[in-house]
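Notes to accompany the following structure.
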Amino acid sequence: MIKNYIKIVFILIFLNSICMADQFKYKWSSYTTYFQQNIDERGNNIETGAKYLDGKILFPRVIFSFNNEITEKISDGELGTASTLIGDKRVLGLGGGLCQVSSTLYAAVLYAGLSIFERKPHSKLVSYIPPGLDATVSIDEGIDLKFYNPYTCNLMIKSEVEGNSLKITILGTKPKVREIKVYVAKTIKQEQFLLTTTTRTVFSSGKELFSEIVSRDKYLIPE
């Protein structure tokens, strides 16, 4: 009886996982970034962050915190040291590469039309994503990426690493009803900074509904 009960439980879990996978069959957005391999532990850290991110469900109007859902759940033993920006200095730090996961996620979130609650750019330009689309995170400095799903259907994050690429996709239980265009203005030099503005325009049935300035960002010019 006990063996049969355990068998039934495993079957139900398996069937539920299949149903969950079938529910999220509509692609809302996708963004891919690339990283160098075999230099430090960056690849390992990105794979670890992607593993924890993969399969996360975005329920309507519930704020998603990258630090709460990803960074805090990764044990130190799972991360290695890699190049990272701390303040305006590039150093070797534990967990270097997690910001590439958060930045790739941020870009996918923008293109999916989700609402940004909190986001901060790096102090300097990073090589893996254009200015205006990056999102740094740090528990020690209290810097987080937070956003929420403003729609009525559930969404799911799919995160995968293949070779030197990180791809993050937002999937929905219903088709995406709005078309999203994101425009990052060319950087302008001002004193020791590079300035840029990121704008998002939302369309429905080919007609523009509204346009919003997502961020005005400032980066230190590399010395």
Open item on the list: Taking the alpha-carbon distance from residue 25 and a cut-off under 20 Å, which aspartates and glutamates remain once sequence neighbours fewer than 8 residues away in the same chain are dropped?
Closed with: 54, 160, 179
Task: Share of alpha-carbon pairs per 5 Å distance bin for region 137-223, given as whole % - done: 3, 10, 11, 15, 20, 20, 12, 7, 3, 0
Task: Nearest 10 degrees, 0 to 90: helix 2-23 Cα axis against the chain principal axis - done: 40
Task: Total lysine pairs under 12 Å (Cα atoms) in region 111-223, excluding pairs fewer than 8 apart on one chain - done: 5
Open item on the list: Once you order the gyration tensor axes a ≥ b ≥ c over the Cα atoms, which shape class does the chain get: rounded for a/c under 1.5, otherwise prolate or oblate by comparing a/b with b/c?
Closed with: oblate
Open item on the list: How long are the semi-axes of the equivalent ellipsoid of region 122-174, defined as square roots of 5 times the Cα gyration tensor eigenvalues? Whole Å, largest first.
Closed with: 24, 18, 11
Task: Low-density loop positions, GluC sites (Glu not before Pro), region 114-198 - DSSP coil, at most 13 other Cβ in 10 Å - done: 141, 191
Task: Size descriptor, Kirkwood hydrodynamic radius, that averages inverse alpha-carbon separations across region 50-160, Å - done: 14.4
Task: Charge dipole (the chain, unit charges on Cβ, about Cα centre) - positive-most of 206, 106, 64 - done: 206
Task: Top of 71, 169, 196 by mean-square fluctuation, Gaussian network on the chain, Cα under 10 Å - done: 196
Task: Accessible surface ranking that places the most exposed of 76, 140, 40 first, with a 1.4 angstrom probe - done: 140, 76, 40
- [ ] Hand me the trypsin sites (Lys or Arg not before Pro) from region 166-208 located in a DSSP loop with no more than 12 other Cβ atoms within 10 Å, in residue order please.
- [x] 186
Open item on the list: Counting only helical runs of four or more DSSP H residues, what would the 222 nm mean residue ellipticity of the chain come to if each run contributes -39,500 (n - 2.57) and the total is spread over all its residues?
Closed with: -7500 deg cm²/dmol
TODO: Return one whole number: the accessible area per residue of the chain in Å², for a 1.4 Å probe.
DONE: 56
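The values are calculated or read from the model by the stated rules, or taken from the named source; none is laboratory data. These numbers were taken from a predicted model, which means no experiment stands behind them. Cβ coordinates were reconstructed from backbone atoms using ideal geometry, including for glycine residues, and neighbour counts include every protein chain displayed. Just so you know, the surface numbers come from the protein's heavy atoms only, side chains and all, with ligands and any DNA or RNA stripped out. Shrake-Rupley method; radii C 1.70, N 1.55, O 1.52, S 1.80 Å.
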